[in-house]
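The values are calculated or read from the model by the stated rules, or taken from the named source; none is laboratory data. Being a predicted model, the structure only gives us computed values, none of them experimental. Positions of Cβ are generated from backbone atoms using ideal geometry, with glycine treated the same way; all protein chains shown enter the neighbour counts. When the accessible area is computed, the model is the full protein with side chains, heavy atoms only, and any ligands, DNA or RNA have been set aside. Shrake-Rupley method; radii C 1.70, N 1.55, O 1.52, S 1.80 Å.
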Amino acid sequence: MVDTATGEANARAATAERTQLLSTLHIKQITANLTEELRHLVLWPDKPLDYVRLDDDKYGHHFGAFVSSRDSPVAVISIFFEPVPSSVINGCTASTGNGTSARFRKFACHPQFQGRGIGTRLLRYATSYCSSAGATVLWCDARLSSSEWYEKRGLIQFGGTFFKDKVEYTRMKMVLQDSDSEAEGSCDH
């Protein structure tokens, strides 16, 4: 009985800590250079810092999630308004049709802050931002090891897997709003 009571008390304490952390969370637009340290730490720590810089960063919309205890962001995401690549899977075409699409890249959450809802909140913010900018589809190249996390948040896989360096990836997307086109794709069989 003591173990059950202790477990329940620990669960309540963890929930209270998460609620407190999320209540102090604020998300704001930041410059690309403020994303680099976290991108490097989380995504490619064994590569030089230049590896996480994108030529297109100057065209991106970069956001950081901040908590009151830190001056630097604890999670970052970069948005680029660009088309979804078409891919054919078993006779089905996955494309955005005529709608505007947005791609998120270099999404990273500091390891000390993972599992606390911060990444989910930042992705939700980015989704809302893209939708209000007129995007009908949001997509990304996701590490295969993270695809389940994205699926729980409404993204679906499309296309096959591929590698960047030695890391396996898949493409994922989410329909943000209805459009006149078939944003989900179509099948001819």
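Quick notes on this structure:
- Among 39-52, 101-114, sorting by the average number of other beta carbon atoms lying within 10 angstrom of each residue, highest first, gives 101-114, 39-52.
- Estimated inter-spin distance, residue 132 and residue 8, nm [label 7 Å along Cα→Cβ]: 4.2
- Carbon/sulfur fraction of accessible area - segment 17-170, other protein chains in place, 1.4 Å, %: 48
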